[in-house]
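As structure tokens, the structure follows; a few thoughts come after it.
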Amino acid sequence: MTTVAYQGEPGANSHMAALEAFPEVETLACATFEDAFNAVTSGSADLAMIPIDNTVAGRVADIHVLLPDTSLQIIGEHFLRIRFSLMGVPGATIEGAREVHSHVHALAQCRGFIRAHGLTPVVAGDTAGSAREVSEWGDPTRLSIAPPLAAERYGLTVLASDIEDEKHNTTRFVVLAPPRAYPQAGTDQYVTSFVFRVRNIPAALYKALGGFATNGVNMTRLESYMVEGRFAATMFMVDVEGHPDEPALARALEELAFFSTEVRVLGVFPAHPRRFGAHTG
């Protein structure tokens, strides 16, 4: 059976994403993103489900560093609508609670609810981990904000559902696998993800990206980050719609390479329906 590694404790959003995308798989909880990457590299898992960006919090920390350095390849993407529940041990009530525990991003994304009920936010390392801790403490004055799956996993009572401030709250995950041949270009819509570093000449970035505009290639993601500890050394991570074997994207990538010192494709994969506005709820 296929095994999918993810970062976090059982019941975390990454766990939910793995089960939603691959219902009939084994899952492997990992303490860190590096552990999830290594699980696939070592053969302990077949795939890794890794969050890459969120509509509220933006880029997921560390991913822009880990992806270019791994030998793994992006073979798919999945969009998970983020839903947070307030949960506590049986018998707990919102009125009787003092603290609410969760990951820093979850607390920030439920700030309005927390403030409205006069709860004190306490940062935990993981959403599902905070649910486990609340269950272990057995203290009805301590609650957790976590995905609904965590309540089932740790025997907690859901006191309020869908408490996130923004109802569009969605995280995009990428599916990583050992290197393999890219899918053949065809009738499907594809996304090509890559990183590049431009040459140190005037207007290099403008010229490097010009080929995508002139060839009508839609760029859906462009992020920069520093490398090698130098402010002048900048790497860019990009997603574009299209397949490298399609003439328009092939020409754009050729022009990009001319003005760059490094170009590396991270993956070519089918576009998820959610990318084009097909909401999953």
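General remarks:
- Residue, surrounded by the most Cβ atoms within 10 Å (Cβ to Cβ), within segment 129-143, restricted to residues that are in a helix (DSSP H, G or I) and out of contact with any His (no Cβ under 7 Å at 6 or more places or on another chain): A131
- Condition met for A150 (within 27 Å of V40 (Cβ to Cβ), in contact with a strand residue (DSSP E or B) (Cβ under 8 Å, 6 or more places away or on another chain), in contact (Cβ under 8 Å) with a residue 24 or more places away in the chain and small (G, A, S)): yes
- All of (1) farther than 29 Å from L28 by Cβ; (2) small (G, A, S); (3) loosely packed, with under 13 Cβ neighbours inside 10 Å hold for G155 with one exception: (1).
- Of note, V104 does not satisfy the criterion of being surrounded by fewer than 19 Cβ atoms within 10 Å (Cβ to Cβ), touching a His at 6+ places or on another chain (Cβ under 6 Å) and either β-branched (V, I, T) or more than 21 Å from H15 (Cα to Cα) (or both).
Table: residues versus (1) assigned to a strand (DSSP E or B); (2) over 20 Å from the mean Cα position of the chain (by Cα); (3) at pLDDT 90 or above; (4) of a type in the set (V, I, T).
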{"position": "E164", "(1), (2), (3), (4)": "no, no, yes, no"}
{"position": "F173", "(1), (2), (3), (4)": "yes, no, yes, no"}
{"position": "Y182", "(1), (2), (3), (4)": "no, yes, yes, no"}
{"position": "D188", "(1), (2), (3), (4)": "no, yes, no, no"}
{"position": "V217", "(1), (2), (3), (4)": "no, yes, yes, yes"}
{"position": "F231", "(1), (2), (3), (4)": "yes, yes, no, no"}
{"position": "M235", "(1), (2), (3), (4)": "yes, no, no, no"}
{"position": "L256", "(1), (2), (3), (4)": "no, yes, yes, no"}
{"position": "V265", "(1), (2), (3), (4)": "yes, no, yes, yes"}
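- Residue among A160, A146, A116 that alone is within 23 Å of the chain's Cα centre (by Cα) and either farther than 30 Å from A271 by Cβ or surrounded by 14 or more Cβ atoms within 10 Å (Cβ to Cβ) (or both): A146
The values are calculated or read from the model by the stated rules, or taken from the named source; none is laboratory data. Predicted, not measured: the structure shown is a model, and the values here were computed from it. Every residue, glycine as well, gets a Cβ built from its backbone with ideal geometry; the counts of neighbours run over all protein chains shown.
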